[in-house]
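Trainee: Pasting a structure below so you can have a look.
The values are calculated or read from the model by the stated rules, or taken from the named source; none is laboratory data. What you see is a predicted model; the values in this text were computed from it and never measured. Cβ: placed from backbone, ideal geometry, glycine included. Neighbour counts: every protein chain shown.
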């Protein structure tokens with residue numbers, strides 16, 4: 001099996017050996033994907049996302065824990 005190594009960089013320079021992706025403006029990407037602007041918060045509402053309050057509470061507890069992981 002051939003070993004593949006990855007090169008990582010912290011600067012914003014593109015690897016000259018990688019093919020360049022064509023720049024597509026955000027409005028064009030939205031048009032291609034059929035995305036519409038949010039006109040109201042109701043567009044984002046998902047009232048039945050959690051079946052019970054307990055399920056929502058568990059989700060929020062997990063979210064809180066993951067956001068505060070290692071912050072001491």
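Trainee: For a quick check of your reading of the model, give me the residue pairs whose first member lies in region 41-69 and is at negative phi, whose second is at pLDDT 90 or above and part of a helix (DSSP H, G or I), with beta-carbon atoms closer than 7 Å and at least 6 apart or on different chains.
Mentor: Final answer for the pair search is 50/56; 50/59.
Trainee: In addition: On the basis of being touching a helix residue (DSSP H, G or I) at 6+ places or on another chain (Cβ under 6 Å) and modelled with pLDDT of 90 or more, does residue 59 make the cut?
Mentor: no
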